[in-house]
Amino acid sequence: YPDCIEVNVYGVQIPGQDGRAGMAAIVSKSTMDWDKFSAYALKNLPRYSVPIFIRKMPEMEITGTFKQRKVELVNEGIDPKTIVHEMLWLDGHHYKPFTAAEHQRVISGKAKL
């Protein structure tokens with residue numbers, strides 16, 4: 001997507017759920033339109049490949065060998081209380097802010113992923 005500068009995609013565990021949910025850490029241009037991005041992703045990717053969660057990053061962390069750090073991101077999961085970066089989630093067909101209230105909906109099983 002044109003406004004994505006760098007993307008790191010990984011799976012996160014959802015408490016009380018089997019498997020993993022797709023999450024993408026994204027460094028984007030300031031002009032990023034998340035509604036257009038969600039429409040683009042839903043149109044061009046299989047539904048199972050569209051990230052459910054987005055973590056907006058100011059820059060991507062890399063290792064000493066210039067690989068993207070992923071383990072730390074996976075281990076931090078989806079709890080907005082422990083993540084310092086803004087998070088979004090795919091609620092229906094649009095990315096919306098992922099707050100503590102949405103987190104509670106997800107872990108209680110009330111939100112459809």
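What follows draws every value from the coordinates through simple rules; no lab data is involved. This one's a predicted model, so the numbers in the text were calculated from it and none came from an experiment. Cβ coordinates were reconstructed from backbone atoms using ideal geometry, including for glycine residues, and neighbour counts include every protein chain displayed.
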Under the Karplus relation with 6.51, -1.76 and 1.60 and θ = phi - 60°, whole-Hz ³J(HN,Hα) for segment 48-65, x at Gly and Pro, equal 5, 9, 6, x, 7, 10, 10, 10, 7, 10, x, 7, 8, 7, 10, 7, x, 9
Amide H contacts under 5 Å for GLU86, restricted to residues at least 5 apart in sequence or on another chain and with H modeled in the peptide plane, are LYS56
Once phi for every residue in segment 31-38 is put through the Karplus expression 6.51 cos²θ - 1.76 cosθ + 1.60 (θ = phi - 60°), the whole-Hz ³J(HN,Hα) values, with Gly and Pro written as x, are 8, 4, 9, 5, 5, 5, 5, 5
Expressed in nanometres to one decimal, the distance between label points 7 Å along Cα→Cβ at ARG69 and ASP33 is 3.4 nm
Over all viewing directions the Cα convex hull of the chain casts an average projected area in nm² of 7.2 nm²
Once the in-chain neighbours fewer than 8 apart are removed, the lysines whose Cα is under 23 Å from LYS110 read LYS81, LYS96
Taking alpha-carbon centroids only, segment 47-113 lies from segment 10-39 a number of Å equal to 5 Å
Given GluC sites (Glu not before Pro), DSSP loops and at most 14 other Cβ atoms within 10 Å, the longest exposed-site-free stretch of the chain is 1-58
